[in-house]
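The values are calculated or read from the model by the stated rules, or taken from the named source; none is laboratory data. Treat the numbers as computed from the prediction; the structure is a model and nothing was measured. So basically every Cβ, Gly included, is an ideal-geometry build from the backbone, and we count neighbours across all protein chains shown. Calculation scope for accessible area: heavy atoms of the full protein, side chains included, ligands and nucleic acids excluded. Shrake-Rupley method; radii C 1.70, N 1.55, O 1.52, S 1.80 Å.
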Amino acid sequence: STSFTLLRSTPDFWMQNVSASLQAKREMPWGKSIPQREWLHFVLPVRANNENLDESRTVFFNELKNRVKDMSMEQAALEVNHWCHEKVSYQPSDSRTSAPLAAVRSAIGRCGEESTFCVAAMRSVGIPARQVYTPRWAHTDDNHAWVEVWVDGEWHFLGGSEPAANLDIAWFNGAASRAMFVHAKVFGRYEGNEEIISTERNTTTINCTAHYTPTHKAEVVVKNADGSPSEGALVRFCIYNYAEFYPVATVRTNGSGYAGISTGHGDLFVWAEDEKRQEQAFDILPADLSKPAILRLTPEGNLPDSLEFKLTPPHENAIPVRATEEEMASCDKRIAMDDSIRHAYEATFATPTSANEAAKKWALDPAAVGHLFTTARANARNLYKFLDAQPSERRKLAFDFLHVLSEKDWTDIPLPLLETL
């Protein structure tokens, strides 16, 4: 059920996914309760992020439908996340986002892939879901992505492929309460209750920060050198993270020179720029600022060489955990069972013995073949078939070619694609 298929964006593919979405809406007990807006934006879309297209919706529906059909919507969301943990656990990797079926096949994924996979699983059984993302934490280096699900009229959060005893419980309950900015990209022209940060051709970026922490309005008015409002100036609201001022939100000023976002109660660095005039301005926005800060644009060469300041992140006020000790203990037992199921699958991957035998057969370095097969995980079978099919005089060249690819490519490159080379 997790085999690879090279997909083209054909009408048949999209109709298959629309039909599967409608089937879930008909057959799942909560299907009729989902408003059209939530269904169109958070169930129907095939993608959660920028992952490759695959056939995960129909595969996941067939595997999950009987497992959740007699549950409440909340119970089903929790159960789907247990199923996700049976399939995938956390492992850091590069920034390319694996498709849901690729994550299942390799049994690993970073947070962006775990959450993409979990969103796909939730949507497959008709539960509205979206990937949310804090581009940078304000209190420590790094970022994080997780999942929100729409259950019985409200949005709740959970860690993707990280089961908990109840909704709104994750390892980041404390960290999220210190978030300065949490957003989600929604496919289509979404007009929900959340603050809209930007609207692109195919997506709408929404502000979800208020789901995790009290917010205030970070506001600026950008003016030209002559004091007139600067319309269309680019304003970047930045958090200091990884030794840089990282723009967590970028908006343009309106006709009055105004730009603002809702953000957590911490200090921000803000940068404004008129790209045509090549004029800039910057300042620190304290969390207790009671009115918009005035930024007056100036030519790049006139900016100060240095600026001394202090940035204060929000204080932690951890989101309360709604679960009893008994519920959490029961969940821990389930997690151990989830792990055992996944470990049994991982035990079918290539072994050092099989790698050594292949290396001896092909006259290749055993350590290099072992690393390739171990890293490729389940996809080592495809890499084996590809290398074994090569004429002996071309096998080393084919082996070297695989090492031009990224290690993540090893985990999900399909055999049909390798055979075209």
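Side notes on the structure shown:
- At q = 0.22, 0.23 Å⁻¹, base-10 log of I(q)/I(0) for the range 266-320 (Debye sum, equal scatterers on each alpha carbon): -0.92, -0.97
- Under the combined filter of DSSP loop state and at most 12 neighbouring Cβ atoms within 10 Å, the range 191-283 retains these trypsin sites (Lys or Arg not before Pro): 201, 276.
- Distance between the C-alpha centres of the range 336-352 and the range 166-203: 34 Å, rounded to the whole angstrom.
- Cα convex hull, the chain: 182 Å³ per residue, rounded to a whole number.
- Helical content alone sets the calculated 222 nm signal of the chain at -11000 deg cm²/dmol, taking -39,500 (n - 2.57) per DSSP H segment of four or more residues and averaging over every residue.
- In the range 1-100, the trypsin sites (Lys or Arg not before Pro) that fall in loop regions by DSSP, at most 16 other Cβ within 10 Å: 8, 69, 96
- Electrostatic dipole magnitude of the range 276-375 [Cβ: Lys, Arg +1; Asp, Glu -1; Cα centre; debye, to 20]: 420
- Mean separation of Cα contacts under 8 Å, 6 or more apart, over the residue count of the chain: relative contact order %: 13
- About the centre of its Cα atoms, the chain shows a dipole size close to 1160 debye [charges on the beta carbon of Lys, Arg (+1) and Asp, Glu (-1) only; nearest 20 debye].
- Share of carbon and sulfur in the accessible heavy-atom surface of the range 1-156 [1.4 Å probe, %]: 47
- Reach of residue 217 by Cα under 19 Å, taken over lysines that are not fewer than 8 positions away in the same chain: 291
- Distance violations [Cα-Cα > 29 Å] among 361/408; 185/333; 87/361; 185/310; 87/396; 385/408: 185/333; 87/361; 185/310; 87/396
- Amide H within-cut-off set for residue 258, under 5 Å, with H built and near neighbours excluded: 222
- For the range 32-41, backbone phi angles converted through the Karplus equation (6.51, -1.76, 1.60; θ = phi - 60°) give residue-by-residue couplings of 6, 8, 8, x, 4, 4, 5, 5, 5, 9 Hz, Gly and Pro being listed as x.
- Rg and Dmax over the alpha-carbon atoms of the range 212-351 stand at 23.2, 71 Å.
- Karplus-based coupling profile of the range 314-324, in residue order and whole Hz: x, 7, 7, 9, 3, 4, x, 8, 9, 6, 7, with θ = phi - 60° in 6.51 cos²θ - 1.76 cosθ + 1.60 and x standing for Gly or Pro.
- In the range 81-148, one over the average inverse separation of all distinct C-alpha pairs is 12.3 Å, which is the Kirkwood hydrodynamic radius.
- Under 5 Å from the amide H of residue 203 lie the amide H atoms of 188, each residue being 5 or more positions distant or on a separate chain, with H modelled from the backbone and absent for Pro and chain starts.
- Spherically averaged projected area of the range 301-341 from its Cα convex hull (nm²): 7.6
- Share of carbon and sulfur in the accessible heavy-atom surface of the range 279-339 [1.4 Å probe, %]: 51
- Mean accessible surface per residue for the chain, computed with a 1.4 Å probe while every protein chain stays in place, in Å²: 48
- Counting only protein heavy atoms and a probe of 1.4 Å, the accessible surface of the range 346-392 is 58% carbon and sulfur.
- Charged neighbours of residue 217, selected by a Cβ distance under 13 Å, balance to -2 (K, R count +1; D, E count -1).
- Between residue 191 and residue 52, the modelled label-to-label distance comes to 3.8 nm, taking each label 7 Å out from Cα in the direction of the beta carbon.
- When only Cα pairs below 8 angstrom with a gap of at least 6 residues are kept, the range 315-421 shows a relative contact order of 22 percent.
- Taking amide H atoms as placed 1.01 Å from N in the peptide plane, the amide H of residue 296 lies under 5 Å from those of 223, each 5 or more residues away in sequence or on another chain.
- Sparsely packed loop sites in the range 67-175 (the chymotrypsin sites (Phe, Trp or Tyr not before Pro) outside DSSP H, G, I, E and B with at most 12 other Cβ atoms within 10 Å) comprise 171.
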